[in-house]
Amino acid sequence: MATRMSGLFGRTLREAPAEAETANHQLLLRAGLVVQLAAGVYSYMPLAWRSLRKIETIIRDEMDRAGAQELLMPAIQPVELWQESGRLDAFGETMFRFRDRRDREQLLAPTHEEAVTDLFRNTVQSYRDLPQRVYQIQNKFRDEARPRGGLIRVRQFLMKDAYSFDADEPAFQDSYDAMAQAYVNVFQRAGVPITRVQADSGAIGGKSSHEFMFLTAIGEDTIALCRNCDYAANQERAEFGRGLAPVEEPAALEPVETPGLTTIDALAHFLEIPASRTAKAGMFLADGRPVFAVIRGDLDFNELKIANTVDAHEIRAMTNDEISAQGWVAGYASPIGLDAKLTDATVVADISIPNAPNLVAGGNRTDLHLRHTNYGRDWQAAHVADIGLARDGDPCPTQPDGTPCPGAIALDRGIELGHIFRLGTVFSEPLSAHFTDADGEQQLPIMGSYGIGVERLLAAVIEQNHDDQGIIWPAAVAPYDVHIVVIGFDKPEIAAAVAQTEAALEAAGLSVLTDDRDERPGVKFNDADLLGMPVRLTLSPRNLKADVVELKARTAAEADTVATAGLLARLADILHTPQPSDAPAS
RNA sequence: CGGGGCGUAGCGCAGUCCGGUAGCGCACUUGACUGGGGGUCAAGAGGCCGUCGGUUCAAAUCCGACCGCCCCGACCA
């Protein structure tokens with residue numbers, strides 16, 4: 001049955017509520033697609049739900065093609081399960097927790113690695129049962145510190161999460177590649193351009209990951225992209241070239257008085273040297289432990305990289321008091337002599353440091369620096385690692401295939417729509433999920449985890465596909481295929497023609513939204529533009545008399561008339577949606 | 001959690017500085033006119049001014065506490 005707008009639950013707004021800033025958020029509210037209940041908690045009205053179900057259908061189709069089976073796991077889970085994996089602390093406050101009537105601690109699952117691994121250990125015993133790929137589309141719960149951006153960061157949301165279990169690395173790679181291809185297909189079919197980037201794997205653990213980013217100025221993630229090659233990474237983990245170090249013989253250490261010069265800029269200016277000839281010190285607390293980090297003066301620290309280097313969850317810069325408590329001097333801290341000061345700090349040097357000779361570093365005394373410090377001769381770090389923050393213009397690290405690239409990094413903003421992880425055995429091991437291999441030995445399955453934010457994808461569809469008038473739904477995810485604007489619905493012959501047209505369209509498999517309201521034509525046309533179905537048909541006495549219907553694709557500038565007889569063919573032409581890709585299923 | 005902003009009718013806002021019992025536009029209801037890009041006229045309905053407490057003869061307005069929402073940051077599988 002066609003939906004009649006006179007009875008549609010939900011309505012359009014002429015003005016967007018003040019809390020909406022981005023185009024997609026404003027349109028979601030103005031079109032009456034979503035209604036907010038609390039911070040980061042939304043209802044999806046009938047139009048939005050139809051679109052979300054279409055997105056889900058695409059996802060299911062591609063998941064099935066990638067060899068995954070749909071199931072549904074519990075949202076309520078006992079805390080014990082998460083103690084078993086050791087992830088309770090990693091999620092911390094983000095987890096919604098409660099006690100049941102028997103005083104058992106429960107939680108609302110933010111993700112399902114634990115649950116699926118538990119399922120696996122209860123279900124699979126033999127390598128003959130591998131590989132396994134499963135997925136679900138399910139509400140996730142995360143008590144985000146700051147929900148924001150409409151549907152972009154919410155506290156209850158639909159997620160498609162998939163998990164793979166494989167007997168060995170090559171088999172895992174097949175699963176990973178199948179999922180990656182499925183993701184490319186999903187986003188392409190939904191009408192959202194995506195960029196696949198290397199990502200940090202965060203609290204979920206695991207060895208490596210890729211994010212599927214929708215590049216947009218309103219994105220909350222920063223992406224480093226090479227202007228020349230295909231290199232793309234989240235700034236959190238983006239690598240970059242440090243350039244060629246000058247070739248110099250190490251010179252003798254030389255104190256230099258530097259009164260009041262506590263910044264690299266001031267120091268470099270005073271000494272008339274480039275910032276790259278200085279060493280920048282950074283003092284951090286990583287899971288409460290002191291870390292002394294050193295990087296070339298012209299570069300910035302990437303705190304996440306530092307945390308990963310010292311295997312910490314949380315990291316922050318020390319306060320001046322904390323620095324003093326370590327016996328260091330803020331602004332003049334030096335990596336030299338840290339051992340002698342009996343510090344328990346972990347010293348980490350950026351990869352820019354060992355090759356850079358004769359750097360000016362702090363003297364660990366107010367108003368004193370040291371010239372000609374040399375790594376190896378004057379000091380050593382526990383870790384030499386990439387702890388630099390990729391910035392606009394930095395040299396591209398290398399092309400994905402390993403060949404050198406002369407390009408430079410550009411920074412862009414993006415929204416993470418999907419994330420795929422290599423988990424390895426980080427869940428199968430603590431949860432004791434085993435299978436028996438062909439030799440009768442117990443083995444741990446190699447796992448993968450694959451997520452898509454369903455409403456986030458909806459928001460991205462709208463952000464990507466709209467104009468000043470409203471949404472421009474891609475046919476594949478539009479709530480309805482056709483929006484019929486009726487002029488003169490009170491006239492019996494018009495009402496009859498409408499019913500006839502609706503029936504004909506639906507017989508052809510099209511979904512129809514009919515604006516039968518007693519509104520002025522202008523109101524209806526504006527609402528049709530706002531709601532943004534791919535095709536608008538106008539039925540009016542004028543057109544009926546001429547035995548035509550007026551047809552306007554949402555993307556077209558002007559409407560034109562079509563003989564009634566040729567209508568279905570024309571619609572099929574416009575609504576032809578991208579078919580499931582021809583890529584192999586795995 | 002730090003910084004900032006905002007809570008007055010379904011939506012957008014004024015009124016708050018300077019206390020006197022609430023208003024505008026859109027939307028909604030009824031009627032008439034109108035009828036192809038958000039119409040006109042007329043008559044209506046709708047508000048515990050976020051909550052609680054205080055000051056005062058009197059509080060949307062002043063004071064205090066709390067709650068909620070938005071933005072920036074921290075955080076973010």
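For the reader, a short list of remarks on this structure follows.
- The calculated 222 nm mean residue ellipticity attributable to helices in chain A amounts to -7500 deg cm²/dmol, summing -39500 (n - 2.57) over DSSP H runs of n ≥ 4 and dividing by all residues.
- Separation in nanometres of the label points that stand 7 Å from Cα toward Cβ, at A:D265 and A:T403: 4.1 nm
- Here's the picture: charge each Lys and Arg Cβ at +1 and each Asp and Glu Cβ at -1 in chain A, and of A:A233, A:A572, A:T117 the one pushed furthest to the positive end of that dipole is A:A572.
- Listed peptides A:472-479, A:39-46 by packing density, highest first (mean Cβ within 10 Å): A:472-479, A:39-46
- Once the chain from A:I273 to A:T555 is taken as fully extended at 0.36 nm per residue, the excess over their C-alpha distance is 95.8 nm.
- If R0 is 45 Å, the Cβ-Cβ spacing of A:D103 and A:D437 corresponds to a FRET efficiency of close to 0.60.
- GluC sites (Glu not before Pro) restricted to DSSP loop in segment A:480-571 with at most 11 other C-beta within 10 Å: A:E558
- Backbone HN-Hα couplings from phi across segment A:77-94 [Karplus 6.51/-1.76/1.60, Hz, Gly and Pro as x]: 9, x, 4, 3, 4, 7, 5, 5, 7, x, 9, 4, 5, 4, 7, x, 5, 5
- Placing pseudo-labels 7 Å out from each Cα toward the beta carbon at A:E70 and A:H313 gives an inter-label distance of 3.5 nm.
- In percent, rounded to a whole number, the relative contact order of segment A:254-385 is 30, using alpha-carbon pairs under 8 Å and six or more apart.
- Amide H to amide H, with H built 1.01 Å from N, A:A410 comes under 5 Å of A:L225, A:C226, A:R227, A:G393, counting only residues 5 or more places away or on other chains.
- Sequence ranges A:445-451, A:152-158, ranked by mean other-Cβ count within 10 angstrom, highest first: A:445-451, A:152-158
- Computed over neighbours whose Cβ is under 15 Å from that of A:T555, the net charge equals -3, Lys and Arg +1, Asp and Glu -1.
- For segment A:473-575, the pair-distance distribution built from all alpha carbon pairs, in bins 10 Å wide starting at 0, is 16, 54, 29, 1 percent.
- Of all beta bridges that DSSP places with both ends in chain A, some 80 percent have antiparallel geometry.
- Over 18 Å (Cα to Cα) - which of A:K140/A:K160; A:K280/A:K305; A:K54/A:K552; A:K524/A:K545; A:K491/A:K545 fall in this group: A:K54/A:K552; A:K524/A:K545
- Sites A:A39 and A:R377 - FRET efficiency at Förster radius 56 Å, r taken between beta-carbons, to 0.05: 0.50
- Each Cα pair under 8 Å and six or more residues apart adds its separation to the average, and for segment A:473-575 the resulting relative contact order is 31 percent.
- The relative contact order of chain A, computed from alpha carbon pairs under 8 Å that lie at least 6 residues apart in sequence, is 18 percent.
- Cα-based shape type of chain A, given that a ≥ b ≥ c are square roots of the gyration tensor eigenvalues and the cut on a/c is 1.5: prolate
- Three semi-axes of the equivalent ellipsoid, segment A:26-151, Cα gyration tensor, whole Å, largest first: 29, 24, 11
- Under a model in which nothing but the beta-carbon of Lys, Arg (+1) and Asp, Glu (-1) is charged, segment A:254-385 shows a dipole of about 240 debye around its Cα centre.
- FRET efficiency for the A:Q83 to A:R289 pair, using the beta carbon distance and R₀ = 22 Å, is estimated at 0.40.
- Separation in nanometres of the label points that stand 7 Å from Cα toward Cβ, at A:D300 and A:S208: 2.6 nm
- Residues whose amide H lies under 5 Å from that of A:V294, counting only those 5 or more places away or on a different chain, are A:G282, A:V348, A:A349, A:D350; hydrogens are built 1.01 Å from N in the peptide plane.
- Principal-axis analysis of the Cα atoms of chain A puts helix A:454-464 at an angle of about 80° to the longest axis.
- Karplus 3J(HN,Hα) series, Hz, for segment A:223-233 with 6.51 cos²θ - 1.76 cosθ + 1.60 (x for Gly, Pro): 10, 9, 10, 7, 6, 10, 10, 8, 4, 8, 8
- Within chain A: Cβ-based charge dipole about Cα centre, in debye rounded to nearest 20 (Lys, Arg +1; Asp, Glu -1): 1460 debye
- Its Cα gyration tensor gives segment A:254-385 an equivalent ellipsoid; the semi-axes, largest first and in whole Å, are 22, 16, 14.
Every number in this text was worked out from the coordinates using simple rules, so none of it is lab data. The structure presented is a predicted model; accordingly, all values stated were derived computationally and were not measured. Ideal geometry is used to build each Cβ from the backbone, glycine not excepted, and the neighbour counts take in all protein chains shown.
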